[in-house]
Amino acid sequence: MKTCSKIKQFIPLAISQDLTETQQVLLNQHLPHCLDCRTELSSYREFREKMMDAGAVTESDTFWNNYTEEVMTLIGRENITAPTSQLNKQYLPLQFIRVAAVFLIGLTLGYSTYLILLKKPEPANQSFKKDMISSYQTEKLIENNILGVKFTPVSPALSEHLQITPNYGLVITDFLEQSPAKEMGIQFGDIMVELNGQPITNTGIFTYLNEVKKETFELKIIRKGETIVIKINLGGR
Amino acid sequence: MDAERTDLIEIIKQCRQGAPEAFKKLVEKFQQKAYGIACNIIRDRELARDISQESFIRVYRSLHRFDLNKKFSPWFYQIVVNLCFDYLRKVKTRKEVMGESAINGLPDGPHSNPAQQIIRAEERNKINNVLAKLPVKYQEVLILRDMQNFSSQESAQILNCNETTVRWRLFKAREKFKEKWESIQKHENL
């Protein structure tokens, strides 16, 4: 036999048939023996009746006719067309704008990724900066397919140290795959200073190599403080 | 599928094709309940009229999104309930039903005389005031289940929750309502 306190928990839901079958059976068994629970049940019933009465709203036929007409007028006034056609007319330009916006965002993101990931200087060059002329931050690496080298201008500090004319000379910072220069004995860190007796400035060396028909050149380099002349043969290119 | 549901689906299909007469039928069919719910929640008849009418306009605009395999009435009443509580959230303070409006809202029964109407109007006021003191989740179930006499299943569909949740909220709501009502009565009798 359930206690009165447990049965009382069923009462708020008993007034609207919201109990399970078992709960209803237990309540029905209990009620004839408990005046307290019967009183509780009838007070909840009374509340529900009051609520239903308070919820009832009645209006005249004229009110409802006006109500319907007002809704229909509002719909007409807003010039709302059939929902399906409205979808086509209003949503298509919107869809186009959305697609265009997504495309532009995609393009921007793609280009940014390209700039960040693919245009980034290679690690070898970064290590060179640390080893050789780390103070010289404005270097610009230039690749050349003829010698297969990467280089950077000689920094003012290094020029001063080696006692060479400022703005002359290029430091080898890296080699491309199958680099002819590497095969000819040029090493990482070598400073190219003269080509066939002409001082080397920035990219002028490659313009010279491309324009002159000679296949053999003499390249003067500075390696570990010593000046070395290397013969370059580009006959196989 | 029963005949009433088949008719309703047919009306909705015609509405989607832009037939105003079909939409008029839909309004006539649901206006009383929509207005009733709005009156119970807003407790201002003019506002309830405006908001329930706005619900029909929302329905007309979004009828193409309605899934014909589902029941229309819970979907529609959900819009009404949401609009009403949205409005209340915006204005923050709830308007109390004025005595006169409450009297006008009473059914004109053969036994009702002006004196009885005043007593009932006062009682309505009291009920509404107690109701307004409850959390929104309890107000919702009491309005739908006790004032508008929706079943627990229908209430669950309107409130977009399961039936067990509705029953649990109903249990708590009725308990709290009784508690507050009795405390007010005790205060009045002092």
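The values are calculated or read from the model by the stated rules, or taken from the named source; none is laboratory data. Fair warning: this is a prediction, and the values are worked out from it, not measured in the lab. Don't worry about glycine lacking a Cβ; one is built from the backbone with ideal geometry, like all the others, and counts go over all protein chains shown.
Values for this structure:
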{"item": "Region B:119-149, residues that are within 12 Å of chain A (Cβ to nearest Cβ), closer than 17 Å to B:Phe177 by Cβ and among the basic types (Lys, Arg)", "result": "B:Arg124, B:Lys126, B:Arg145"}
{"item": "Residues that are within 20 Å of A:Met52 (Cβ to Cβ) and in a loop (DSSP other than H, G, I, E, B), drawn from region B:145-190", "result": "B:Gln148, B:Asn149, B:Phe150, B:Ser151"}
{"item": "Boolean, B:Val141 is at pLDDT 80 or above, surrounded by fewer than 16 Cβ atoms within 10 Å (Cβ to Cβ) and under 30 Å from A:Leu19 (Cβ atoms)", "result": "no"}
{"item": "Region B:112-132 residues that are assigned by TED's automatic domain parsing to the domain that holds B:Lys186 and touching a residue at least 60 places away in the same chain (Cβ under 8 Å), paired with ones that are surrounded by 17 or more Cβ atoms within 10 Å (Cβ to Cβ) and part of a helix (DSSP H, G or I) (beta carbon under 7 Å, 6 or more apart)", "result": "B:Asn128/A:Ala54"}
{"item": "Listing of helices (runs of 4 or more DSSP H) fully contained in region B:1-75 that carry 3 or more residues being surrounded by fewer than 18 Cβ atoms within 10 Å (Cβ to Cβ) and out of contact with any helix residue (DSSP H, G or I) (no Cβ under 8 Å at 6 or more places or on another chain)", "result": "B:3-16"}
{"item": "Count - residues of region B:150-171 that are within 10 Å of chain A (Cβ to nearest Cβ) and surrounded by fewer than 16 Cβ atoms within 10 Å (Cβ to Cβ)", "result": "3"}
